[in-house]
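Participant: First the structure, which I've put down as structure tokens, then a few questions once you've had a look.
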Amino acid sequence: MTHDSPKNDSECGSARRASREWWLYVALLCVPLLAVYLHIPPPQLSPAVNSWRTSGHFFTFRGNNIFYKESFGVVGSSDVLLLLHGFPTSSYDWYKIWDSLTQRFNRVIALDFLGFGFSHKPRPHRYSIFEQASVVEALVAHLGLSEQRINILSHDYGDTVALELLYRSDHNRSGHITINSLCLSNGGIFPETHYPRFLQKVLKDSGFISPVFTLEHPEWEDVFGPYTQPTEAEFWDMWTGIRFNDGNLVMDSILQYINQRLKHRERWVGTLTSTSTPLHMIYGPLDPVNPHPEFIQLYQKLVQRSTVSVLDEHVSHYPQLEDPTGFFNAYLSFINSF
């Protein structure tokens, strides 16, 4: 039998006290920062972002207002396109190709998911990919398009929502959308090839102190190519969409989608590999979140029925913003191929 020495007991006690004191210091630092932060007004909307907002509409989903924008384009066509944006931004991600899309489709529709952009951002709230898919289905029903075949173009977070919609469509779930085609872009659909940014990992696990880490707009430079960087004004347009309705305060809850992708991989990747729906992937190869060639090689191995467009080597995680012409042409080539 062995006995701990008084010296070891003393050292353990000192370590525990030091640990408690460290967390006390963290709390003392974070509480005043959080108190100050909650009283910082959100930045003003730029004229361009405000115009996007005022040209849109709202519908109600389970007591929450959901923003969407809709344009009618080509006369004589019945083709409908639905755009699903990524994290942590909004439908405004599509503004550079919006006019071009309206020249091809009869109706072009984009929404801000619950917790994003101009939509309501309830808190506390358990955000999920499943709920976002239900939001999309409710919007399609609201617009009277439940019997219409829908083309979906998605990006990032929107890719996973699109895969849940595809699962429901292929399994004929009640209220499902009938999907005519699906085009994905730079989404972390494979957990094994997804490398979230440091801030995403911190926010996902930081709970109530997460607002402390969003005192300024995030450093997004590393998810854009070196020659495709947005202007400072464009960065702030992205940031104002996050700050609108205190969206920064729900980022930790929304980021649980990373865990949901892992938990439901078989469901979402499984439907991607088994569907008969026409599929396409538009990929910016400089993406640090879904890096080349690891991501695209796995996609081509698992999703053999899909066609793929790899854009210029300088294009990164936001291809529709970094290379709108190349992105649009790649999508046009796909949609005109069937």
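The values are calculated or read from the model by the stated rules, or taken from the named source; none is laboratory data. The model shown is predicted, which means the values in this text are computed figures rather than measured ones. Please note: Cβ atoms are built from the backbone with ideal geometry, for glycine as well, and neighbour counts cover all protein chains shown. Accessible surface areas use protein heavy atoms only, side chains included; no ligands, DNA or RNA. Shrake-Rupley method; radii C 1.70, N 1.55, O 1.52, S 1.80 Å.
Participant: What order, most packed first, do the peptides 45-58, 85-98, 254-267 have when packing is the mean number of other Cβ atoms within 10 Å of each residue?
Facilitator: Most protected by this proxy first, the peptides run 85-98, 254-267, 45-58.
Participant: Using only Cα atoms, locate the centre of segment 234-280 and the centre of segment 118-140, then give the distance between them in Å, rounded to an integer.
Facilitator: 11
Participant: Gain in length, Glu147 to Ser55, computed as 0.36 nm per residue apart minus the alpha-carbon separation, to one decimal in nm?
Facilitator: 30.5 nm
Participant: So, taking all protein chains as they sit and a 1.4 Å probe, how much accessible area belongs to Arg149, in Å² rounded to tens?
Facilitator: 120
Participant: Could you tell me how many cubic angstrom of Cα convex hull volume segment 38-336 has per residue?
Facilitator: So the per-residue Cα hull volume is 123 Å³.
Participant: On alpha-carbon atoms, Rg over Rh for segment 254-310 using Kirkwood Rh?
Facilitator: Ratio value, two decimals: 0.98.
Participant: Between Leu332 and Arg265, 0.36 nm times their residue separation minus their Cα-Cα distance comes to what?
Facilitator: Full extension of this stretch gives 21.2 nm more.
Participant: On full extension of the chain, what length is gained from Ser276 through Arg305, given 0.36 nm per residue of separation minus the C-alpha to C-alpha distance?
Facilitator: Working: separation 29, 0.36 × 29 = 10.44 nm, distance 0.82 nm.
Here the answer is 9.6 nm.
Participant: Of the peptides 159-170, 132-143, how do they stack up when ordered by the mean number of other Cβ atoms within 10 Å, highest first?
Facilitator: Descending packing order for the listed peptides: 159-170, 132-143.
Participant: How much of Asp312 can a 1.4 Å solvent probe reach, expressed as accessible area in Å² and rounded to 10?
Facilitator: About 80 Å², rounded to the nearest 10.
Participant: Sequence-distant or interchain residues sharing an amide H contact under 5 Å with Val308, placed H: which?
Facilitator: Met281
Participant: Say each of Asn172 and Gln103 gets a label point 7 Å from the Cα, pointing the same way as Cα to Cβ; how far apart are those two points in nm?
Facilitator: 4.2
Participant: Taking only protein heavy atoms into account and a 1.4 Å probe, give the accessible area per residue of segment 38-336 in Å².
Facilitator: Counting only protein heavy atoms, the per-residue value for segment 38-336 is 41 Å².
Participant: If you roll a 1.4 angstrom probe over the protein chains with everything in place, what fraction of the accessible area of segment 38-336 belongs to carbon and sulfur, to the nearest %? Mind showing how you got there, number by number?
Facilitator: Working: 6180 of 12120 Å².
Carbon and sulfur: 51 percent of the exposed surface of segment 38-336.
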